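For reference, the structure discussed in these notes is given below.
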Ligand SMILES: C[S@@+](CC[C@H](N)C(=O)[O-])C[C@H]1O[C@@H](n2cnc3c(N)ncnc32)[C@H](O)[C@@H]1O
């Protein structure tokens, strides 16, 4: 059989499962998937995919057996011990230290299989916080698509060979021997919520501090991996940690996760998501809904831009006008043809560039406020306050600038009037002072004249008395 034919038959098989059993394996890496199918087919002595498709069609329960063979739910406690030691000594203490003493801690084991990873995580937190505090504060979500494995995770009972990797003291402290094997501590087990969740399709958990998704991501093709990572980004709190399997690495184009430790595959939530990321995880049947919601959001932003009482313009890095509200159109008499001109050739552009070099502004990437800028128009002189703010994308790339023009001519007129009144007042007070000085001089002169008169009067009286005396 030619490989091409083989592929086509295999894709038909996947298509059948997707349409008839709601098992969508189209996002899984082909080589691993084909190996898993072949395993099951060998058990049934079937060689060709098209024969297996017929078998599936005639045996309604076969897809459940197939699922069991595809979903490799091998797991163990503290799988890859060194990574868990690092988690215990570095990550768990960081999470605890970042919280208030009674604040909840939320952990998600995605692709948890039969639960060994979930209880390993719970043991780490119980050891770090103490059992009582762990019971109060830690909430663990355990999800998988394999319902059989989830059932074991829910029960938390393991055979002797499944717990053999556990340190004897931890086994003694956290497990109780039962007829079926070892049962995980009943009280702590209540802190675990198990549920079916398809990482490639379902909504993620939220406000998670630590997300373990180990040895699961690697089964998906890069496109689906990228979408799952967007969901994980949504799920995590800022500074939340992502813990991957030993053979898994992140190769996303944009660093929505940053590396904490490459050896142990630990990452921290990184850059914000962009619109494209959000759309990538919107189910196709909801794309119309999503685009309608985007259009209405855009209309809202536009209306908000228009509602501003001030003239506003946005200019991109190519010096082109991108947006102008009605107030700006009115203030600068902008017409349709202005939109094709470079911003620096437009009236507002000339006004701004006579006070600040736009090139320098782009280098500094800081807001600039220009106060009381004089603008001589055909209708008279206006005064403007101009606020120039850089506009950044979610990953901090400069997109352009937003300019707000506030007409402060009225304020300026009042200031000028006040200044005029003030100078008039100063002049009047000067005149007053001069008059007061003149009055003071006259008063002094009067006083002196009066004193002279009094002296004269006394002299006359003296002469009169002298004459009487002589007579
Ligand atoms: C190899 S186990 C990993 C178990 C555990 N995380 C560990 O590292 O020990 C992979 C698990 O991924 C689950 N899985 C596969 N596809 C999945 C999907 N689309 N959504 C959620 N879980 C999935 C499988 O059912 C399986 O339990």
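The values are calculated or read from the model by the stated rules, or taken from the named source; none is laboratory data. Source: prediction; values computed, not measured. Note that each Cβ is placed from the backbone with ideal geometry, even for glycine, and that neighbours are counted across all protein chains shown.
Details
- When 239, 197 are checked against the criterion of being out of contact with any helix residue (DSSP H, G or I) (no Cβ under 8 Å at 6 or more places or on another chain) and at positive phi, a single residue qualifies: 239.
- Pairing each residue of segment 211-238 that is more than 22 Å from residue 276 (Cβ to Cβ) with any residue that is more than 9 Å from the ligand (Cβ to nearest atom) and part of a loop (DSSP other than H, G, I, E, B), provided the two are 6+ apart or on different chains, yields C-beta distances under 7 Å for 218/247; 218/248; 219/29; 237/207.
- Qualifying positions in segment 153-205 - within 15 Å of residue 118 (Cβ to Cβ) and within 33 Å of the chain's Cα centre (by Cα): 190, 191, 192, 193, 194, 195, 196, 197, 205
- Restricting segment 24-55 to residues that are free of Cβ contacts under 8 Å to residues at least 24 places away in the same chain, in a loop (DSSP other than H, G, I, E, B) and touching a helix residue (DSSP H, G or I) at 6+ places or on another chain (Cβ under 6 Å), the residue that is surrounded by the fewest Cβ atoms within 10 Å (Cβ to Cβ): 26
- Residue match in segment 288-311 (condition: away from the ligand (no atom under 14 Å from the Cβ), outside the structural domain of residue 89 (by TED's automatic domain parsing) and crowded, with 19+ Cβ neighbours inside 10 Å): yes
- Checking the stated criteria, residue 58 turns out not to satisfy the condition of being without any contact (Cβ under 8 Å) to a residue 12 or more places away in the chain, within 14 Å of the ligand (Cβ to nearest atom), farther than 18 Å from residue 267 by Cα and outside the structural domain of residue 173 (by TED's automatic domain parsing).
- Checking residue 69 against (1) surrounded by fewer than 19 Cβ atoms within 10 Å (Cβ to Cβ); (2) in contact with a helix residue (DSSP H, G or I) (Cβ under 6 Å, 6 or more places away or on another chain); (3) more than 16 Å from residue 219 (Cα to Cα), the condition it does not meet: (3)
- Filter result for residue 76 (farther than 30 Å from residue 19 by Cα, within 16 Å of the ligand (Cβ to nearest atom) and either in contact (Cβ under 8 Å) with a residue 24 or more places away in the chain or in a helix (DSSP H, G or I) (or both)): yes
A quick yes/no check of all residues on (1) touching a helix residue (DSSP H, G or I) at 6+ places or on another chain (Cβ under 7 Å); (2) under 26 Å from residue 397 (Cα atoms); (3) surrounded by 15 or more Cβ atoms within 10 Å (Cβ to Cβ):
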{"residue": "318", "(1), (2), (3)": "no, yes, no"}
{"residue": "325", "(1), (2), (3)": "yes, yes, yes"}
{"residue": "330", "(1), (2), (3)": "no, no, no"}
{"residue": "338", "(1), (2), (3)": "no, no, yes"}
{"residue": "342", "(1), (2), (3)": "no, yes, no"}
{"residue": "345", "(1), (2), (3)": "no, yes, no"}
{"residue": "348", "(1), (2), (3)": "yes, yes, yes"}
{"residue": "361", "(1), (2), (3)": "no, yes, yes"}
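- Only a single criterion out of (1) in a helix (DSSP H, G or I); (2) under 28 Å from the mean Cα position of the chain (by Cα) is not satisfied by residue 329, namely (2).
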